[in-house]
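Scroll down for the structure; my scribbles are underneath it.
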Amino acid sequence: MTDARFTTANMLNQPSRRAFLKLSGAALGALALTACGPAAQEESNSGDDVPAEGATASAFAADGTLRVGMEAAYAPYNWQATAESEFTIPIENVSGAFADGYDVQIAKTVADGLGLTPVAVKLEWDGLIEALGQGQIDVIIAGMTATPEREESIDFTDPYYVGTYGLMVQAGSAYENATSIQDFAGAAVLGQKDTLLDDVIDEIEGVNHLSPVPTVPDQISNLLNGACDAITFDVGNIASITEAHPELVGIIFEEGKGFSEEVPVNIGISKGNDDIVAQMNGILAGISEDDRQAIWAAAVDRQPE
């Protein structure tokens, strides 16, 4: 793994500020991929019935398959792979394709705990909640944060990851040596639409908050093209972004000089599945911090360049 180019006054302290969910080698070994083709979804996630311990509701994953909505394009959280491995699950709606990544390992753990077989359903980010409501998927495991607005439509589990945000600039930028987000007063900063990557920009006093773009790759493209001075990014993605684009520099700020809050990531599920949410929370709580660290590192190492 090549060295990522970034500046930070407190990088060594970052793991203690983020609760990465990881799986140990033993846990991964227990989650061997079940080789089966995707089955058609016959019922929507009405959630009218809820399961007893160890069971599933009649309307939730009714055929024994847990359909997991994700972009399959946001490494190291999730990405599309062409070959099956012990880490992958099939992508139901892309022939011959598989999903891998941090989110996928969480999906496998949750599915195993519920006695289900996981498959990924590849969707655009802004279509995930609608797909959940229409019963096309059973859960969203795609780096989504529980916000009050989203909680009006769907329910969420406890966090399975807690991240922090930084700012990314071009190497040689006048902002490259910034030590506080307030050093970006007057800068043109770009976020991702309908995410906290856009919302947090307003914490910068006097910022030129640009209209957000649909995806993280769009953010990166705009930064590379000089359409903005900086973009927001999840510091957990620093290696994948800067390895692919060594001309970019990720800035991670000391506590108290960066964005004000850590960013939890949760599993999304249709309303009316309270017992299933409780079971999922129990499964997530059973993953140790050491296992969380291990699976994150493994996903970073495996991610496509």
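Each reported figure results from applying straightforward, stated rules to the coordinates on display, with no laboratory input. Worth saying up front: this structure is predicted, and the values here are computed from it rather than measured. Here the Cβ is made from the backbone with ideal geometry for all residues, glycine too, and neighbour counts use every protein chain on show.
Diffusion of region 149-305 by Stokes-Einstein, at 10 °C in a medium of 1.306 mPa s and with Rh set to the Kirkwood radius over alpha-carbon pairs, works out to 93 µm²/s. Summing +1 for each Lys or Arg and -1 for each Asp or Glu among the other residues whose beta-carbon sits under 10 angstrom from that of Lys193 gives -4. Take every Cα pair under 8 Å whose residues are at least 6 apart in sequence, average their separation, divide by the length of region 84-240, and the relative contact order is 18 percent. Modelled spin labels at Ser221 and Glu84, positioned 7 Å past Cα toward Cβ, are 3.4 nm from each other. Between Glu305 and Asp202, the contour length at 0.36 nm per residue exceeds the alpha carbon distance by 33.9 nm. Using Cα pairs closer than 8 Å and at least 6 residues apart in sequence, work out the relative contact order for region 165-252, in percent. Once divided by the residue count of region 165-252, the mean separation gives 43 percent.
In angstrom, the C-alpha Rg and Dmax of region 165-252 are 11.4, 31.
Extension gain, Ala174 to Glu255, is 26.9 nm, computed as 0.36 nm per intervening residue step minus the present C-alpha separation.
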